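Data first, discussion second: the structure below is written as structure tokens.
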Amino acid sequence: MADFLDNTPSSESKRCERALLVGIHTQTMQPGEAQELLGELKELVENLHIGVIHTELINLREPTPATLLGRGKTDQIITLAKHMEADLIVMDESLTPAQQRNWEKLSGIAVIDREEVILDIFADRAQTREAVLQIALARMQYSLPRLTRAWTHLSRQRGKGKLGGEGETQLEQDRRLVNDRITRLKAELAVVQKQRGVQRRKRLRVPVPTASIVGYTNAGKSSLINALTGSHVMAEDKLFATLDPTTRQLILRGNQKLLVTDTVGFIRRLPHRLVESFKATLEETIVADFLIHVIDVTNPNFDQHYATTLSVLAELGAADKKIITVFNKIDAATPADLQRARQLVPDAVFLSAHTGEGIDTLADGCIEQIADAFGATELLIPHDRYDVVARLHTLGHIQEQEHREDGLFIRGRFPLAQTGFFAPFMLKAPA
């Protein structure tokens, strides 16, 4: 059992080399939507270094409890998989534990769903302690109702002793161990999140404005933060290249500082348990002063990516944040792509993180967003009131200061909520 707890619940997929993918078109889907999702699933599976030998799209009128597809369609897929010598069937829908067991019993082939694929990718990409714990928790929660699938010997019973009471089945023991692991993971996560909260509070003591970069996975968020700040955040052309938030400092016009955080990418049908597990990581989007929503303008489905990101933001409680919408990769876009994007978001910023075109426009947009919360102010502080100067350094951002005969001239941006404190020294009202 210890091996099970330390390894992935989807370890079967790690040993598989030939996958048959099954997309499902339901009555509520838009034309072409199921095919697009199936293409996305293919990219996800290939990110696990599993070869996709065939994709099959099924029209589903009515789901069935046993296998989702019904016996006829199920037999058709199993026959096709065996004929093509597939050792893995991947369903582009969530399967219940019972449906997954039924598929594997009928086919003798490993069967996983979209959620398990995404869990595997997240596990491969997690780097920080918090991300590793979050993924482990999500996987334990996913595996708990599937223990009878992971173990074939669970009908055996053990006698009395420290491994269990009389008549306690192996399944009951395994379920108890997994529940204990979930409890420990939640406790460890609470400690890590508390530590990160302390770090954030220290950072916010000097109220430098903050922005979070959000968007669909592989839209170019990491490339954008690199282009903005001159940093070297890992940026690769693959789904979920980065899972851990990275914060970098951006110096804007007038020596205005801005902290920019790169966050995990969103995806359609992101498993709810992953949204829950990653809320701590994604809460950077909630505490940011504003968001930069990056969209790959060359992707034919960018309108759906746009809607998906807004939907996840709403689930995170960040739907009311001010947002700068950015269409990235204009260097590779067609005129038709750009026209569609302008129709979707007329006031968006168009840029290329690769060539740098449009970066200055985004920087200007960031300054406008900062001005809403941090007013530009000019002050003259008497020489005998340097206590005020010290307080201003903690309140906001001093962009310029000059010693004059009648006092210290300061130009900077300070929270409008603190206007009452520095109002007696203002030469220019916050703008």
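The values are calculated or read from the model by the stated rules, or taken from the named source; none is laboratory data. Only a predicted model underlies this, so the values are computations on that prediction, with no experimental measurement involved. Glycine also receives a Cβ, built like all others from the backbone with ideal geometry; neighbour counts cover every protein chain displayed.
Summary of computed values
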read-out	value
Condition check for Gln99: in a helix (DSSP H, G or I), polar (S, T, N, Q) and not assigned by TED's automatic domain parsing to the domain that holds Pro65	no
Count - residues of region 85-129 that are closer than 16 Å to Leu270 by Cβ, modelled with pLDDT of 85 or more and of a type outside the set (Gly, Ala, Ser)	10
Candidates Phe414, Phe327, Phe409 - the one that is among the aromatic types (Phe, Trp, Tyr), more than 26 Å from the chain's Cα centre (by Cα), modelled with pLDDT of 80 or more and not in a helix (DSSP H, G or I)	Phe409
Residues being more than 23 Å from Leu133 (Cα to Cα), surrounded by 12 or more Cβ atoms within 10 Å (Cβ to Cβ) and at pLDDT below 65 - total across region 166-204	3
Candidates Thr210, Thr217 - the one that is modelled with pLDDT under 85, within 30 Å of Leu362 (Cα to Cα), β-branched (Val, Ile, Thr) and assigned by TED's automatic domain parsing to the domain that holds Leu250	Thr217
Residue in region 368-390 that is at pLDDT 90 or above, of a type in the set (Val, Ile, Thr) and outside any strand (DSSP E or B) present	no
Selected residue (only one of Glu62, Glu104, Glu116 is surrounded by fewer than 18 Cβ atoms within 10 Å (Cβ to Cβ) and assigned to a helix (DSSP H, G or I))	Glu104
Within region 301-320, tally of residues that are touching a helix residue (DSSP H, G or I) at 6+ places or on another chain (Cβ under 7 Å), in a loop (DSSP other than H, G, I, E, B) and not aliphatic (A, V, I, L, M)	2
Residues being over 29 Å from the mean Cα position of the chain (by Cα) and within 16 Å of Asp113 (Cα to Cα) - total across region 65-92	10
Val132 modelled with pLDDT under 85 and either assigned by TED's automatic domain parsing to the domain that holds Gln76 or surrounded by 15 or more Cβ atoms within 10 Å (Cβ to Cβ) (or both)	yes
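A quick yes/no check of all residues on (1) closer than 30 Å to Thr246 by Cα; (2) small (Gly, Ala, Ser); (3) touching a Gly at 6+ places or on another chain (Cβ under 9 Å):
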site	(1), (2), (3)
Asp92	no, no, yes
Ala110	no, yes, no
Ile118	yes, no, no
Met140	yes, no, no
